[in-house]
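Take this structure first; my questions come after.
The values are calculated or read from the model by the stated rules, or taken from the named source; none is laboratory data. From a predicted model like this one, the values you see are computed outputs, not experimental measurements. Note that each Cβ is placed from the backbone with ideal geometry, even for glycine, and that neighbours are counted across all protein chains shown. We work out accessible area using only protein heavy atoms, side chains counted, and drop any ligands, DNA or RNA first. Shrake-Rupley method; radii C 1.70, N 1.55, O 1.52, S 1.80 Å.
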Amino acid sequence: MSLKITVVGSTDRELEGVVRSCGAVPSLVPLTQLPALAQATSQPADVLVVDLRGQGSVPPALSAFRRQHATTGILIVAKTLDPDLILAAMRAGANEWVAEPITHAELDAAITRITAHQTSPAVSQTLAFVGVKGGVGTTSLAVNVATVLSRIATSGALMIDLQVSRGDAALYLGVEPRFSVADALDNIHKLDDAFFRSLVVRGASRLDLLAAPEAGGAARLDASRVRALLDFTSKQFEYVVVDVPRTDPGALDALEVATSIVVVTTQELPAVRSAASMAARLRQRYSKDRVLVVMTRLDKESEISREDVERVLGAPVAFTFPSDYRTAMAALNKGKPVVLSNHSSLAASFERFGRLVAGLQIEKTAPPSGWLTRMTGRK
Ligand SMILES: Nc1ncnc2c1ncn2[C@@H]1O[C@H](COP(=O)(O)OP(=O)(O)O)[C@@H](O)[C@H]1O
Ligand SMILES: [Mg+2]
């Protein structure tokens, strides 16, 4: 996908031309639209070019934009390098500025500085989500965590829907992909940055999706290709979230690169039994501390308690998510993840879990038992 640039508040066709000469097709919006762009739900560009040449001051909506969209680069175009204006713009969160005369070389260099910062993840995390049976809420969880991470990421977040026979992440994200993970796997030896970006579709809040094929089918995954794909994406994105089919060895055996493998269960007896065997299998295959079990659709009235589940698992339940069918269903119907549209406790728990998982990377040196304790709140 090519660079997305939005030019705000410019009446100058020349500026648009210079942006085009930098290889981007800008969308142009008037300054009055800046508050709308600052909404959490708007889909921000990679770079926002704000033309302040007709303004005496920095519009307040700019800092509102920065608060909501931490990862979009903000480039100010000013008439002169007025120190007061520059300081105010910096305080509002601007990354770069150029002054008249606006040249291709200067603008290109500023955009390059912004994107260089955006596109080289210093560290990358791949989070794999495996449901113990269909319908427990794995895709809902994965999509929401991916959305949370896409808002935290400074260099991109990707969701991969490996459910090649019937993936529905695109429905949850309200996007219409033209290509799919099948195209990536079929062309795995030709994969490069530009080709890969043409295969993904961008959802809200800068999340890229490599979707499941629309037609579905009985295709089996080839573990070596999946491994190569996950290797590739871990070099391109700060966060990669994978919806993993539980019955396909081609996926389950290819998760070496995953920093965490999240086994998703409910409290129902068949689910708990599958969770125990799935977690045991994954712990044997990968290192023990990378596999965690979470429980969705928590039912406090259930005869099977969290403690019972933990006894069967022989391990702690790392996190629980409340049951809220109405909220989960409404989000699916709207094609908008719960965390983008709702202040429910379900949204809050997705948000908290996403941030906790992200925090693990920062405290990389902490022993695994440390973060597990932190997540479960118990020793
Ligand atoms: N925490 C939850 N509480 C209640 N219903 C949920 C919850 N999470 C998901 N659901 C609902 O359960 C159904 C299956 O969810 P989905 O995420 O597609 O499950 P899976 O990927 O495990 O098959 C959907 O109708 C969804 O709206
Ligand atoms: Mg699913």
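Filter segment 130-139 down to residues that are near ligand 2 (Cβ under 9 Å from one of its atoms) and in contact (Cβ under 8 Å) with a residue 12 or more places away in the chain and give me whichever is surrounded by the most Cβ atoms within 10 Å (Cβ to Cβ).
The extreme case among them is G131.
Only residues that are in contact (Cβ under 8 Å) with a residue 12 or more places away in the chain and among the hydroxyl-bearing types (S, T, Y): list them for segment 218-273, please.
Result: S224, T233, S234, Y239, T259, S260, T265, T266.
Among the residues of segment 167-187, write down those that are within 17 Å of V242 (Cα to Cα) and assigned to a helix (DSSP H, G or I).
A169, A170, L171, Y172, L173, V181, A182, D183, A184, L185
Now a separate question. Give me a count of the residues in segment 303-333 that are within 16 Å of ligand 2 (Cβ to nearest atom), in a helix (DSSP H, G or I) and buried (at least 16 other Cβ atoms within 10 Å of the Cβ).
Number satisfying all stated conditions: 3.
Just wondering, is there one or more residues in segment 130-139 that are under 26 Å from A271 (Cα atoms), in a strand (DSSP E or B), at pLDDT 95 or above and within 14 Å of ligand 1 (Cβ to nearest atom)?
yes
Another question, then. Residues that are open to solvent by 30 Å² or more (accessible area, probe 1.4 Å) and modelled with pLDDT of 95 or more: which helices (runs of 4 or more DSSP H) entirely in segment 191-274 hold 3 or more of them? Can you show your working first?
On the way: elements: 193-199, 223-236, 249-252.
Fully inside segment 191-274 and qualifying: 223-236.
While we're here: Can you say whether V294 is open to solvent by less than 10 Å² (accessible area, probe 1.4 Å) and over 23 Å from the mean Cα position of the chain (by Cα), as far as the supplied structure shows?
No; evaluated as a whole, the condition is false for this residue.
Pull up segment 284-325, narrow it to residues that are of a type in the set (F, W, Y) and touching a helix residue (DSSP H, G or I) at 6+ places or on another chain (Cβ under 9 Å), then point me to the one that is farthest from ligand 1 (Cβ to nearest atom).
F319
Output the residues belonging to segment 86-120 that are in a helix (DSSP H, G or I) and in contact with a helix residue (DSSP H, G or I) (Cβ under 7 Å, 6 or more places away or on another chain).
Within segment 86-120, A92, H104, L107 meet the criteria.
A further question follows. Residue by residue through segment 34-85, note down the ones that are under 29 Å from the mean Cα position of the chain (by Cα) and in a helix (DSSP H, G or I).
Result: L34, P35, A36, L37, A61, L62, S63, A64, F65, R66, R67, Q68.
Considering A142, A116, A110, which residue is within 26 Å of V18 (Cβ to Cβ) and either open to solvent by less than 40 Å² (accessible area, probe 1.4 Å) or modelled with pLDDT of 90 or more (or both)?
Sole residue among the options that is within 26 Å of V18 (Cβ to Cβ) and either open to solvent by less than 40 Å² (accessible area, probe 1.4 Å) or modelled with pLDDT of 90 or more (or both): A110.
If you go through segment 157-179 one residue at a time, do you hit one that is among the hydrophobic types (A, V, I, L, M, F, W, C) and without any contact (Cβ under 8 Å) to a residue 40 or more places away in the chain?
Yes, segment 157-179 has at least one match.
Can you find a residue in segment 159-166 that is outside any loop (DSSP other than H, G, I, E, B), of a type in the set (A, V, I, L, M, F, W, C) and within 16 Å of ligand 1 (Cβ to nearest atom)?
yes
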